[in-house]
Amino acid sequence: MQASVSIAKIEDVIYIRFDSAIFFKPNEYALRDDAYEVLEFIGDGLKEYEKEIKLINICGHTAKPAIEQDPERTWRLSGERAAVVANYFELDKNIDEKKITILGYGDNFPVEPNDTEEHMRKNRRVELVIIGKNSNINTSIYDALADLYNSDEYPKQGDVNDVLLPQISGKKTTK
């Protein structure tokens, strides 16, 4: 499997890249039967060290097909692949879902040109970015967007006035 999996560690971040052929057939998101052995091994390790993990970011990627397909398909397929892996970790390994995020990148970040089947196979992949709890990386989307929300109002009214802060809208929120 060494040709199909690469691992790197930088400070409190572990990066694992899986050739999607390990998990999926081309243009599909249903797990292959033999994918469960790999996911079980990785999932057991994640579960064992869950207290040391701040975030498990699961990234799905697709290749850009030689014949143009529905552009929405690559977005959906990459997101579905990431979601299937996330579901396995949450439902089968009982990893806290609040520690899992998924991203579907479509065909936007190829690692090779999409000019041969071998290159396209490398572009069809799933990546795990595991961020340790001692990392200084801000992993909270809520923190990242906090300046957009008026926490004193949201979600009292259920409309835009709950969300936009007075300094953004230039007005005091209304009730």
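The values are calculated or read from the model by the stated rules, or taken from the named source; none is laboratory data. Keep in mind it's a predicted model, so treat the numbers as computed, not measured. Because the Cβ atoms are built from the backbone with ideal geometry, glycine has one as well, and the counts that use them run over all protein chains shown. The protein model used for the area step is the full one, side chains on, heavy atoms only, and it has no ligands, DNA or RNA in it. Shrake-Rupley method; radii C 1.70, N 1.55, O 1.52, S 1.80 Å.
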Would you check if there is a residue in the stretch 67-82 being under 17 Å from the mean Cα position of the chain (by Cα), within 29 Å of Asn134 (Cα to Cα), exposed (fewer than 14 other Cβ atoms within 10 Å of the Cβ) and at pLDDT 95 or above?
no
Is it the case that the stretch 140-151 has a residue that's modelled with pLDDT of 90 or more and of a type in the set (Ser, Thr, Tyr)?
no
Would you check if there is a residue in the stretch 17-24 being closer than 13 Å to Glu127 by Cα, modelled with pLDDT of 90 or more and open to solvent by 30 Å² or more (accessible area, probe 1.4 Å)?
yes
List the number of the failed condition for Thr62; all other conditions in (1) more than 14 Å from the chain's Cα centre (by Cα); (2) touching a residue at least 24 places away in the same chain (Cβ under 8 Å); (3) open to solvent by less than 30 Å² (accessible area, probe 1.4 Å) hold.
(1)
Flag if Asn27 is closer than 26 Å to Ile137 by Cα, open to solvent by 30 Å² or more (accessible area, probe 1.4 Å), touching a residue at least 40 places away in the same chain (Cβ under 8 Å) and not in a strand (DSSP E or B):
no
